[in-house]
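Data first, discussion second: the structure below is written as structure tokens.
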Amino acid sequence: MKKIILYMLFGLAAISARAHEGIGLTQDYGNVRVLSYKDNEVEAFRKAFIIGQLVEKLAHELKYSHTIYLDFRHNMFRQDSLPSVYHVAFETFSYSDEEGEISEKLVVRQYANDYDASDILKLVEYAVEHKSIIKQQQAEKENAIKYGTRKFPSIDDKKIRTIQEAPTSPIVEKIMHTRIDRPLFSDERPSDITYYWQEDQYHIYRHRWGRKDDDQPDVVLLTVPSIQQFATLDLVFLIFDTPSSFYYLNINHYDKDTRLNKVSSHHIIEDVGEIDFGKEAAAISDGDVSIYFTHGAMGWGKKRVLLYFYATETLIQNVYAAAGVESSNPGKQLREAYNNALPAQ
């Protein structure tokens with residue numbers, strides 16, 4: 001077994017430390033523009049665009065046609081000492097692609113580990129209905145974050161909490177019932193396994209190509225309250241519902257009774273650290289996968305490689321330890337161990 005793991009590890013040695021370069025993308029939904037900024041492949045990046053579509057529907061219900069700008073920045077740190085940061089204000093500026101004079105925009109910003117749809121909807125609803133109050137009360141507000149501060153015009157934090165803690169209005173409750181499919185970009189197409197968001201839950205299902213709206217409704221395979229990462233590996237899918245747990249699905253793996261795609265048990269990853277820089281999953285054999293991540297940015301810190309064998313639902317938590325190498329500097333040791341494991345010529 002150890003020799004098999006060594007061969008697999010050597011094949012995985014090409015997995016190098018990844019630079020986490022932040023990137024911001026925008027999408028427009030009617031009078032709502034969303035900027036979502038990410039440092040890694042966490043699904044919160046896409047949740048921002050789900051919220052943007054919900055806000056567009058809310059604006060329509062409120063008959064509000066002026067511009068709304070939503071600014072989302074992902075916080076990779078999960079400590080309770082770093083709560084979500086919100087800014088709510090009316091600001092006058094122009095987008096880089098906007099023609100004509102500068103215009104006033106309702107701006108809502110969130111810096112968080114996971115974005116809250118209900119909180120954003122409540123803030124937008126209040127701002128639309130109390131524009132004069134917001135403009136009277138807003139001032140430059142500074143909030144501490146891990147790498148410094150975020151400083152923007154806003155009403156104060158106490159007022160924001162009061163709005164969020166107020167009972168949910170019937171309009172916001174109605175909007176939260178809306179189904180929003182996983183946002184895709186122009187160079188992407190729906191995968192065989194995908195999800196839709198509804199009522200603050202993620203519903204994973206098998207996408208049926210060519211299915212019409214009036215056909216049989218989608219059969220949900222799994223429902224989870226959050227998705228940290230959604231890894232698509234051709235015919236294999238890993239749904240990380242938290243930074244330390246995942247489900248496995250395989251297009252060719254069916255439940256013998258229901259004939260639906262089988263969902264694996266809920267697998268727990270040990271010792272993931274305090275910061276989620278994203279995990280790199282790769283198909284290594286027929287249905288089996290590897291999961292690689294580090295405890296630090298830019299490939300620094302403790303390195304972890306896990307192997308998942310789907311037929312037996314076996315998860316090897318620490319392949320470096322199983323192969324007898326140190327994870328702090330595995331490259332040279334892997335080559336030596338691999339060469340020693342080769343049969344004599």
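The values are calculated or read from the model by the stated rules, or taken from the named source; none is laboratory data. Since we're looking at a predicted model, the values are computed, not measured. With ideal geometry, Cβ positions are generated from the backbone for all residues, glycine too; neighbour counts draw on all protein chains shown. Surface accessibility is based on the protein's heavy atoms, side chains included, excluding ligands, DNA and RNA. Shrake-Rupley method; radii C 1.70, N 1.55, O 1.52, S 1.80 Å.
Some points to look at:
- The stretch between Thr92 and Tyr147, if pulled fully straight at 0.36 nm per residue, gains 17.1 nm over its current Cα-Cα span.
- Pairs with C-alpha atoms separated by more than 21 Å, drawn from the list Lys279/Lys302; Lys135/Lys159; Lys262/Lys303; Lys105/Lys151; Lys105/Lys135; Lys105/Lys141, are Lys262/Lys303.
- Once the 1.4 Å probe is applied to the protein heavy atoms, segment 74-185 comes out at 52 Å² accessible per residue.
- For Ser169 and Leu260, the FRET efficiency from 1/(1 + (r/R0)^6), where r spans their Cβ atoms and R0 equals 30 Å, is about 0.20.
- The slack between Asp156 and Ala321, meaning 0.36 nm per residue of separation minus the straight C-alpha distance, is 54.4 nm.
- Accessible surface of Lys174 - all protein chains present, 1.4 Å probe, nearest 10 Å²: 110 Å²
- Heavy-atom surface analysis with a 1.4 Å probe gives segment 30-137 a carbon and sulfur content of 43 percent of its accessible area.
- In segment 220-292, GluC sites (Glu not before Pro) in a DSSP loop with at most 11 other beta-carbon atoms within 10 Å: Glu270, Glu274
- Computed on protein heavy atoms with a 1.4 Å probe, the accessible areas place Ile268, Ile133 in the order Ile268, Ile133, largest first.
- Largest accessible area first, the residues Leu222, Leu121 order themselves as Leu222, Leu121 under a 1.4 Å probe with ligands, DNA and RNA left out.
- DSSP bridge analysis restricted to segment 61-171 gives an antiparallel fraction near 70%, rounded to the nearest 5.
- Take His295: with every protein chain present and a 1.4 Å probe, its accessible area is about 50 Å².
- Solvent accessible area, Å² - Thr168, 1.4 Å probe, full protein context: 50 Å²
- Within the same chain, aspartates and glutamates fewer than 8 places from Lys174 are excluded, and of the rest, those with a Cα less than 19 Å from its Cα are Glu56, Glu61, Asp116, Asp119, Glu125, Glu129, Glu165, Glu199, Asp200.
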